[in-house]
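Engineer: Below you will find the structure I want to go over with you.
The values are calculated or read from the model by the stated rules, or taken from the named source; none is laboratory data. Note that the coordinates shown come from a computational prediction; the quantities given were computed from them, not determined experimentally. Note that we place each Cβ from the backbone using ideal geometry, even for glycine, and neighbour counts take in every protein chain shown. Surface areas here come from the heavy atoms of the whole protein model, side chains and all, with no ligands, DNA or RNA. Shrake-Rupley method; radii C 1.70, N 1.55, O 1.52, S 1.80 Å.
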Amino acid sequence: MQIPSILKGESLKRLLQGAAIGAVTTMVIGFNWGGWTLGSTAKEMAQKSASLAVVAALAPICVDKFQHATDSPVTLIESFVEKGGWATFPGSTTPDSAVARACGEMLASLK
């Protein structure tokens, strides 16, 4: 049985070079423009998507709870006052919640 001429000598070398270049080109095109991803990238994208979905689902519940609170504007301002450090006085390391609440009530009434 005779071996085809394409599988002999110089022709074989060109065939293998063409196959290698074709494989590399296919991978470059596939990963850059074809939408192919590695497993680690796909996992990262799935985790990010899941986190965004959870936030999107829970944010309206948070807003609803906040709106149904009896003193929501005051509570919001009080929270900002405490976190901003405006209710923490010299010599103290923690904010005074009573001062923060009173400050929040006063700020809410300024509107």
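Engineer: Give me the pairs: first residue in the stretch 34-59 and open to solvent by less than 80 Å² (accessible area, probe 1.4 Å), second residue part of a helix (DSSP H, G or I), beta-carbon distance under 9 Å, and six or more apart or on different chains, which are they?
Structural biologist: Sorted first by the residue in the stretch 34-59, then by its partner, the pairs are GLY34/THR26; THR37/PHE31; THR37/MET45.
Engineer: For the stretch 81-99, does any single residue satisfy the condition of being at pLDDT 75 or above, under 27 Å from the mean Cα position of the chain (by Cα) and surrounded by 11 or more Cβ atoms within 10 Å (Cβ to Cβ)?
Structural biologist: Among the residues of the stretch 81-99, at least one is at pLDDT 75 or above, under 27 Å from the mean Cα position of the chain (by Cα) and surrounded by 11 or more Cβ atoms within 10 Å (Cβ to Cβ), which makes the answer yes.
Engineer: Same structure, new question: Can you report the number of residues in the stretch 30-64 which are of a type in the set (S, T, N, Q) and not in a helix (DSSP H, G or I)?
Structural biologist: Residues flagged as of a type in the set (S, T, N, Q) and not in a helix (DSSP H, G or I) within the stretch 30-64 amount to 1.
Engineer: Which numbered condition trips up GLN17, out of (1) at pLDDT 75 or above; (2) surrounded by 12 or more Cβ atoms within 10 Å (Cβ to Cβ)?
Structural biologist: The failed condition is (2).
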